[in-house]
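First comes the structure, then the notes that go with it.
Any read-out appearing in this document is the output of simple, stated calculations on the displayed coordinates, not a laboratory observation. Keep in mind that what you see is a predicted model, and the values were worked out from it rather than measured. Cβ placement follows ideal geometry from the backbone for every residue including glycine, while neighbour counts extend to all protein chains displayed.
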Amino acid sequence: MLSTTGALPRKILWLCWKRRDGRLRLRTSSHGAILLRRGMSRPEFARLLSCVEEVNLPWAKFAAVLMLGCARLTLEHTGAPYETAEHDLGLASANLVFEATARGLAVHQMIHIHRDLARRLYQIPEGVKPVAGLAVGYAGGGERLPDALRKEDLTRHPRKPLDAFVFSGSWAQASSLVAK
Ligand SMILES: Cc1cc2nc3c(=O)[nH]c(=O)nc-3n(C[C@H](O)[C@H](O)[C@H](O)COP(=O)(O)O)c2cc1C
């Protein structure tokens, strides 16, 4: 699901290809996870923005493009469970982040969204899970953010050491490949 404050910025169009039915789709190999439509109006943008939790509004309300990444949890043709649906959506989103970043855009991903509201507003069926929001735009210097968020935004977050999540043999046993 996608909404914009106006015409899609040209750079974002590079992330998409046009389907025969006129809808835009991301250039990814996702399992139909993120659908895009262009040229949405301001009320449409406000509708999708209402699905974003308050904590994310300082970024989302200024985004050029808002998206809602949804994972189809069953195979379209057989209805069988599609076990890697969320993984696929993550890959699709990561591709979008890389491509957008390479083109000078910034992407803020959002776990804090109102999923039930999104379901109701967009008639998202059972078997499709709204997973994460994505706000795409040009990064600012943080001047429009409240002080606390600006500080947080400018802070470099430490990374976990590899041995905290690369395991061999059994769960939680650090792999000798990465053990210190
Ligand atoms: C899928 C996903 C969802 C996220 N959801 C939120 C969110 O709702 N709100 C938020 O402030 N940050 C959220 N983040 C984290 C920020 O976007 C984070 O600053 C960004 O991933 C950069 O990480 P870093 O600061 O550790 O480099 C999320 C990250 C990911 C990957």
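Near Val128, the amide H atoms lying under 5 Å from its own belong to Leu73; only residues 5 or more places off or on other chains count, and H is placed 1.01 Å from N. The value for segment 43-177 of Rg(Cα) / (2.2 N^0.38 Å) is 1.26. Taking other residues whose beta carbon is less than 12 angstrom from the beta carbon of Gly69, and scoring Lys, Arg as +1 and Asp, Glu as -1, yields +1.
Taken along the Cα-to-beta-carbon direction at a fixed 7 Å, the label points for Leu154 and Phe167 span 4.0 nm.
Can you return the aspartates and glutamates within cross-link range of Lys180? Criterion is Cα-Cα under 20 Å, with same-chain partners fewer than 8 residues away left out. Correct list for Lys180: Asp163. Our analysis of segment 116-180 gives Rg over Rh at 1.19, with the two radii drawn from alpha carbon positions and Rh computed by the Kirkwood formula. For Arg115, neighbours were defined as the other residues whose beta-carbon sits under 14 Å from its Cβ, and their charges (Lys and Arg +1, Asp and Glu -1) total -1.
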